[in-house]
Amino acid sequence: MKRLGNLYETMLDMNNIISCYKEVMRNTHNKRAVFNYENFRAANLNKIHSIIEKKNYKVKKYNIFTIHEPKTRVIVSLGLTDKIINHLVTRCILMPALIPALIDQNVATRPGKGTSAGVKLYKKYRQSCDFKYEKYYILKGDITKYFHSINHDIVKKQLRNRIKDQDALKIVDTIIDSYPYGLPIGNMTSQILAIYYLGEMDRYIKETLKIKYYVRYQDDFLLFHPDKEYLKECEEKIRIFLKEHLDLELNHKTRIYHNKEKIVFIGYKKGKGTARKKLAVRKRQYEKGYITLNSYIASIMSYKGRV
């Protein structure tokens, strides 16, 4: 694929800055911080434009805290100016350069994709396999501490296969290096980079292993095949590929299911669910990083309002 240039300059377009500004203001839950920031709207917009124009962006210190329910997780957040610049880099650099390189079976969140698209494709593959095979098997793969295990050097090398604009590469590198290991959950740039990072594995599974029915949402992926022994072989080859090419490992939850067994994919399980079951789905989605803590809490409050 052709490498893209002239990406950085699109961040200087005030329309793009204002669009990202509005998006961050709309989605920030700390309304007091939003109110105070909005009081200096013009100054903040000009400040962001100046930072981009001078090409001297440095990520300010992260707000890092730990929560222990439903399990221990490190949560990271940025100040509003950094959030807006992070969104700007995602919208103007990462999405134009990286999204065209993704396969359709990679359904992680982006325009036209997401959990609903993933569930729809999963159901389609189940129906196709139910029709074609008397029995079949599903390899469900999961990667150990995915976001925290993404290798900085490898992801930077991948970016250079898609981007030739040196200023664009510099600001993305700055964001990557602002965190000591992996990619921090919470940054918009992290979401797109994480979607792209496993693209080599996607192509390996589709083109080399010749798996027709395959779907992935971030680090959660499924391979469908009528031959269990072949899926065992695929699992071992994927383990080797991940270690050698992406410095990642499959975790203990990776296993092969019979088509009659219940399997959960991005929170979806066959069969109708009660409100309690749906809440359990939201919990799993939160634990996997698919939804935010605030979204999970909103689901809890909605459930409590029903009982």
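Of the residues HIS29, HIS49, which single one is assigned to a loop (DSSP other than H, G, I, E, B), in contact with a helix residue (DSSP H, G or I) (Cβ under 7 Å, 6 or more places away or on another chain) and open to solvent by 30 Å² or more (accessible area, probe 1.4 Å)? Steps first, answer last, please.
Numbers: HIS49 fails: assigned to a loop (DSSP other than H, G, I, E, B).
Being assigned to a loop (DSSP other than H, G, I, E, B), in contact with a helix residue (DSSP H, G or I) (Cβ under 7 Å, 6 or more places away or on another chain) and open to solvent by 30 Å² or more (accessible area, probe 1.4 Å) holds for just one of HIS29, HIS49, which is HIS29.
Condition first: open to solvent by 10 Å² or more (accessible area, probe 1.4 Å) and either under 14 Å from TYR146 (Cβ atoms) or part of a loop (DSSP other than H, G, I, E, B) (or both). Now tell me which residues in the stretch 181-191 satisfy that.
TYR181, ILE185, GLY186, GLN191, listed by residue number.
Of the residues that make up the stretch 70-78, is at least one open to solvent by less than 20 Å² (accessible area, probe 1.4 Å), closer than 25 Å to GLY182 by Cβ, of a type outside the set (Asp, Glu) and touching a strand residue (DSSP E or B) at 6+ places or on another chain (Cβ under 6 Å)?
The first filter runs over the stretch 70-78 and keeps only residues open to solvent by less than 20 Å² (accessible area, probe 1.4 Å), leaving 76, 78.
If we keep only those that are closer than 25 Å to GLY182 by Cβ as well, we get 76, 78.
Now narrow it down to the ones that are of a type outside the set (Asp, Glu): 76, 78.
Remaining after also requiring touching a strand residue (DSSP E or B) at 6+ places or on another chain (Cβ under 6 Å): 76.
Within the stretch 70-78, one or more residues are open to solvent by less than 20 Å² (accessible area, probe 1.4 Å), closer than 25 Å to GLY182 by Cβ, of a type outside the set (Asp, Glu) and touching a strand residue (DSSP E or B) at 6+ places or on another chain (Cβ under 6 Å).
Conditions: (1) of a type in the set (Phe, Trp, Tyr); (2) touching a residue at least 24 places away in the same chain (Cβ under 8 Å); (3) in a helix (DSSP H, G or I). PHE35 meets all but one. Number of the miss?
Only one criterion in (1) of a type in the set (Phe, Trp, Tyr); (2) touching a residue at least 24 places away in the same chain (Cβ under 8 Å); (3) in a helix (DSSP H, G or I) is unmet by PHE35, namely (2).
Test each condition in (1) hydrophobic (A, V, I, L, M, F, W, C); (2) open to solvent by less than 40 Å² (accessible area, probe 1.4 Å); (3) out of contact with any Phe, Trp or Tyr (no Cβ under 9 Å at 6 or more places or on another chain) for PHE131 and report the one that comes out false.
Against the list (1) hydrophobic (A, V, I, L, M, F, W, C); (2) open to solvent by less than 40 Å² (accessible area, probe 1.4 Å); (3) out of contact with any Phe, Trp or Tyr (no Cβ under 9 Å at 6 or more places or on another chain), PHE131 comes up short only on (2).
Anything in the stretch 10-26 that is open to solvent by 80 Å² or more (accessible area, probe 1.4 Å) and touching a residue at least 24 places away in the same chain (Cβ under 8 Å)? List them, or say none. First the steps, then the outcome.
Of all residues in the stretch 10-26, those open to solvent by 80 Å² or more (accessible area, probe 1.4 Å) come to 15, 22, 26.
None - no residue of the stretch 10-26 is open to solvent by 80 Å² or more (accessible area, probe 1.4 Å) and touching a residue at least 24 places away in the same chain (Cβ under 8 Å), so the list stays empty.
Among the numbered criteria (1) modelled with pLDDT under 95; (2) under 26 Å from the mean Cα position of the chain (by Cα); (3) open to solvent by 30 Å² or more (accessible area, probe 1.4 Å), which single criterion is violated by ILE67?
(3)
Being of a type in the set (Val, Ile, Thr) and at pLDDT 95 or above is the filter here; which residues of the stretch 104-141 pass it? Steps first, please.
Residues of the stretch 104-141 that are of a type in the set (Val, Ile, Thr), as a first pass: 107, 109, 115, 119, 138.
Result: ILE138, single match.
Which of the numbered conditions does ILE48 fail, given that it passes all the others? Conditions: (1) of a type in the set (A, V, I, L, M); (2) touching a Leu at 6+ places or on another chain (Cβ under 8 Å); (3) under 27 Å from GLY182 (Cα atoms); (4) at pLDDT below 95.
(4)
Looking at the stretch 73-165, what helices (runs of 4 or more DSSP H) fall wholly within it and have at least 1 residues that are polar (S, T, N, Q)? Quick ask: steps written out before the conclusion?
Numbers: elements: 80-89, 95-98, 115-132, 146-149, 152-160.
By residue number, 80-89, 115-132, 146-149, 152-160.
Between residues in the stretch 162-181 that are closer than 20 Å to LYS54 by Cα and residues that are open to solvent by 20 Å² or more (accessible area, probe 1.4 Å) and assigned to a helix (DSSP H, G or I), which pairs lie under 7 Å by C-beta distance while being six or more apart or on different chains?
That search, which allows pairs on different chains as well, returns LEU169/ARG160; ASP173/LYS156; ILE176/HIS152; ILE176/LYS156; ASP177/HIS152.
So which residues in the stretch 191-221 are at positive phi and either of a type in the set (D, E, K, R) or in contact with an Asp or Glu (Cβ under 8 Å, 6 or more places away or on another chain) (or both)?
Here is the first cut: in the stretch 191-221, the ones at positive phi are 210, 218.
Once the filter is applied, which keeps residues that are at positive phi and either of a type in the set (D, E, K, R) or in contact with an Asp or Glu (Cβ under 8 Å, 6 or more places away or on another chain) (or both), the stretch 191-221 yields only LYS210.
Can you tell me which residue within the stretch 113-128, out of those that are small (Gly, Ala, Ser) and open to solvent by 30 Å² or more (accessible area, probe 1.4 Å), is farthest from GLN285 (Cα to Cα)?
So in the stretch 113-128, the residues small (Gly, Ala, Ser) come out as 114, 116-118, 128.
Add one more test, that the residue is open to solvent by 30 Å² or more (accessible area, probe 1.4 Å), and what stays is 116, 128.
Working: SER116: 13, SER128: 26 Å.
Among those residues, the one meeting the criterion is SER128.
Which residues, counting only those in the stretch 212-240, are assigned to a loop (DSSP other than H, G, I, E, B) and buried (at least 21 other Cβ atoms within 10 Å of the Cβ)?
If the condition is that a residue be assigned to a loop (DSSP other than H, G, I, E, B) and buried (at least 21 other Cβ atoms within 10 Å of the Cβ), then GLN218, ASP219 are the ones that fit.
If the requirement is being surrounded by fewer than 18 Cβ atoms within 10 Å (Cβ to Cβ), touching a helix residue (DSSP H, G or I) at 6+ places or on another chain (Cβ under 8 Å) and of a type in the set (Val, Ile, Thr), which of these qualifies: ILE163, ILE205, ILE154, ILE171? It would help to see each step written out before you state the result.
Working: ILE163 fails: surrounded by fewer than 18 Cβ atoms within 10 Å (Cβ to Cβ); ILE205 fails: surrounded by fewer than 18 Cβ atoms within 10 Å (Cβ to Cβ); ILE171 fails: surrounded by fewer than 18 Cβ atoms within 10 Å (Cβ to Cβ).
Among ILE163, ILE205, ILE154, ILE171, only ILE154 is surrounded by fewer than 18 Cβ atoms within 10 Å (Cβ to Cβ), touching a helix residue (DSSP H, G or I) at 6+ places or on another chain (Cβ under 8 Å) and of a type in the set (Val, Ile, Thr).
The values are calculated or read from the model by the stated rules, or taken from the named source; none is laboratory data. This one's a predicted model, so the numbers in the text were calculated from it and none came from an experiment. Note that each Cβ is placed from the backbone with ideal geometry, even for glycine, and that neighbours are counted across all protein chains shown. For the accessible areas, the whole protein counts, side chains as well, though only heavy atoms, and no ligand, DNA or RNA atoms are used. Shrake-Rupley method; radii C 1.70, N 1.55, O 1.52, S 1.80 Å.
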